1. Can you work out which of the residues in segment A:50-62 that are open to solvent by 30 Å² or more (accessible area, probe 1.4 Å) and out of contact with any Gly (no Cβ under 7 Å at 6 or more places or on another chain) is farthest from the other protein chains (Cβ to nearest Cβ)?
2. Looking at B:Gln55, B:Gln17, which one is in a helix (DSSP H, G or I), open to solvent by 80 Å² or more (accessible area, probe 1.4 Å), more than 30 Å from B:Leu147 (Cα to Cα) and not assigned by TED's automatic domain parsing to the domain that holds B:Asp152?
3. Output the residues belonging to segment B:281-294 that are touching a Ser or Thr at 6+ places or on another chain (Cβ under 6 Å) and more than 10 Å from chain A (Cβ to nearest Cβ).
4. Residues in segment A:265-281 that are open to solvent by 10 Å² or more (accessible area, probe 1.4 Å), touching a helix residue (DSSP H, G or I) at 6+ places or on another chain (Cβ under 9 Å) and assigned to a loop (DSSP other than H, G, I, E, B): how many?
5. For the subset of segment A:188-221 comprising residues that are in a helix (DSSP H, G or I) and under 22 Å from the mean Cα position of the chain (by Cα), which member is surrounded by the most Cβ atoms within 10 Å (Cβ to Cβ)?
6. Name, by its number, the condition in (1) more than 27 Å from the chain's Cα centre (by Cα); (2) at pLDDT below 85 that does not hold for A:Asp153.
7. Just to be sure, is B:Pro105 free of Cβ contacts under 8 Å to residues at least 12 places away in the same chain, open to solvent by 60 Å² or more (accessible area, probe 1.4 Å), over 41 Å from the mean Cα position of the chain (by Cα) and more than 30 Å from B:Val416 (Cα to Cα)?
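The values are calculated or read from the model by the stated rules, or taken from the named source; none is laboratory data. Just so it is clear, the model here is predicted, and its values are computed rather than measured. We place every Cβ from the backbone using ideal geometry, glycine too, and count neighbours over all the protein chains shown. Remember, those area values only see protein heavy atoms, side chains included, never the ligands or the DNA or RNA. Shrake-Rupley method; radii C 1.70, N 1.55, O 1.52, S 1.80 Å.
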Amino acid sequence: MLAKIAGVAFLALVGASGVAEAREQIRIVGSSTVFPFATTVAERFGRKTRFKTPVVESTGTGGGLKLFCAGVGERYPDIANASRRIKQSEFETCKNNGVTVVEVKIGFDGIVLANAKSGPDLALTMRQIFQALAKQVPVAGKLVDNPYKQWRDIDPSLPAIKIEVLGPPPTSGTRDAFVELAMEGGAKTFEMLRALSKTDKAAFTKIAHTIREDNAFIPAGENENLLVKKLQGNPDAVGIFGFSFLDNNGDVIKGARVDGVAPTFENIAAGDYGVSRSLFFYVKKEHVGVIPGIADYIAEFTSEQAWDEEGYLSEKGLIPLSAEDRKSVAAGARSLAPLVLVSEQGP
Amino acid sequence: MSKWAAPTGVSLADCAQARLRGRYRAERRFRYCGIAAICLALGMLGVLFATILAQGLPVLTQTQIGLDVAFAPGILDPDGTGEAETLARADYRKLARNALRTVIPEASGRRDKRALAKMLSIGAEEELRDAVLADPTLVGQTKRIWLTAGADFDALNKGTIARTGAESDRRLSDKQIAWFDALDANGQVRRAFNSRFFTAGDSREPELAGVLGAVVGTLYALAITLLLAFPLGVMAAVYLEEFAPKNRWTGIVEVNINNLAAVPSIVFGLLGLAVFLNFFGLPRSAPLVGGMVLALMTLPTIIIAARASLKAVPPSIREAALGIGASPMQTVTHHVLPLAMPGILTGTIIGMARALGETAPLLMIGMVAFIADIPSRVTDPASVLPVQVFLWADAPERAFAERTAAAILVLLTVLVAMNLSAVILRKKFERRW
């Protein structure tokens, strides 16, 4: 009896809701780094226009592009956020599934090394970062397991404290970018590794990308707020995270200079700070005009009041493109020019 | 026997007394250990609660700034039509900024104006619009309206962000703090009950974010879970316990149900993704699918609890019913099931409480997402409370930390209410034999 009532009630609930009706809101997936910016735009867009607020999922860049490229139709997301450029392989998948990709570059994100306010001021070079964190480093012309215990062991100008770096786990896009920019950049300052990168790219990548596993580097989970707390509790530790967390917590942590450049908004925007990456979102052209509001969402994201130096996204920590780039990207995005990916192997 | 022999010179009674005292001491030590364990557990719980409360309670109030807003007809309704449509689309941002600039005229320059504008939340525009729409006679008047302050100024008022230290490291400049203090001294700053936290959906601006969307999503998902898992679970348990023959097949089924109860919840999420979303094509992020996944997860718990309470009904009840001519089905539905119901309900609520705290299976079906609109149907996108906690804990804005704690408090309240109802149901209907 009870079961019967419950069954009827369930059917009524589902029936009344109409499962098979067209999607009314934009669906966005992808990078957790772009998530705060995409949600900010989505919310303003929802408040400003007659469209529903888009649903934004934080799936990570790779996971997002996988969902995005899976096909055309309302079951698949309309937009994918990415904290790196789409890969050739992902682009091929998209193409094979009939997806035309429109790329929109939205700005930059700096990756900062920061420590507690009470800790020492750090001024590092990429070379020193590589020496502190790589599993194998060149010492006197030979690759050996990383012998450095204290920062001072690397360079006498650095403080005599234990190397203890808290960073994102391997699944994180921040980690990928850090390894590619800072570690590779540091590795290339060694003549022997530079030579290797020309002759055997794979071997070089392995050396440059492998982080030491002897507790000097501690994978600290994806929650960057927790990382900030840990740094406050341990002034000797250094953390690696996205610029927006430094921007929001400037009163408790401070960023290390890298190659003599401080991680400030201006320096990253000007391209002076070395460890920064571009952020993107990708639009499925087939869905524009089918799912309501996509063109307006693109227009909102690429409007000056959103993404210029004083726009509301910069208050959330997005580092804007130059005025010129903004103009050309906005024009390309609004005309929905499809992305042409010539080849991943760049210069 | 020699073990019990008294040493020479000591009477047997003394020896027994000494041993008795030893046993009493051991007994007391054992009890103290138990009490210490409980005190430790309670102490930890107390610390946890105290920190969450201390962090979460400031959310109950929200800083507001009282401004004498001039509802200029030139901005609101230039043509003097008085239509609601025109009023709804007027530039309320300008209205709010003008009001701010009248109190703080020294903010000139583009930079200063921007710094000043941060004093009000972006929600202030909507508050002004709502005020005008509710009372169109405001047009042309000047009236003091209390508007929601920006998150940084709210934190400043509550004392959770720094006022001192190098200016470049702070969220607010000396100028902004001076402006705010001037307003405060003028009686134009107050802290009011933050009803928005309970009536709004998620937002990217901490001062506008609320839990209602997540609470509604949770209720929808749990309703679906209950509607699916409870009847299925009880029917399965009744059949297995009362009707099924005891053979190898029922043995295998039984073992598998026990195994299912121990399967990590993310596996159910993957199953939901493969079956409900990809095969049946149900919508992503919907509480309908969330409820179905959670029902799969809760089902084994309910079956096990239901079987245990069916087993606890004495056989004499069944024999008596069968003896006076009831059919086996009548025996079960009229006698055994009603008597087992309190136990089944308790088990169900415990299973539901576990489902309430789950985020992992929901990740796979897209419920871990930023969803600002409050769901009105089970197929609308929605998040649930634990997901909301997870998302806010990850947000870079400092003011989300206190919202995280407050959302945890809401979650705990729902949880306590559910467990309390389990206890009450059990006390009310429990029968002892």
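1. The qualifying residue farthest from the other protein chains (Cβ to nearest Cβ) is A:Gly62.
2. B:Gln17
3. Residues of segment B:281-294 that are touching a Ser or Thr at 6+ places or on another chain (Cβ under 6 Å), as a first pass: B:283, B:286, B:288, B:291, B:294.
Once the filter is applied, which keeps residues that are touching a Ser or Thr at 6+ places or on another chain (Cβ under 6 Å) and more than 10 Å from chain A (Cβ to nearest Cβ), segment B:281-294 yields only B:Leu294.
4. Count: 2.
5. Among them, the one singled out is A:Ala208.
6. Checking A:Asp153 against (1) more than 27 Å from the chain's Cα centre (by Cα); (2) at pLDDT below 85, the one that fails is (2).
7. yes
This table checks each residue for (1) of a type in the set (Phe, Trp, Tyr); (2) over 17 Å from A:Lys135 (Cα atoms); (3) away from chain B (no Cβ under 14 Å).
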{"position": "A:Pro159", "(1), (2), (3)": "no, yes, yes"}
{"position": "A:Ile211", "(1), (2), (3)": "no, no, yes"}
{"position": "A:Asn215", "(1), (2), (3)": "no, no, yes"}
{"position": "A:Gly250", "(1), (2), (3)": "no, yes, no"}
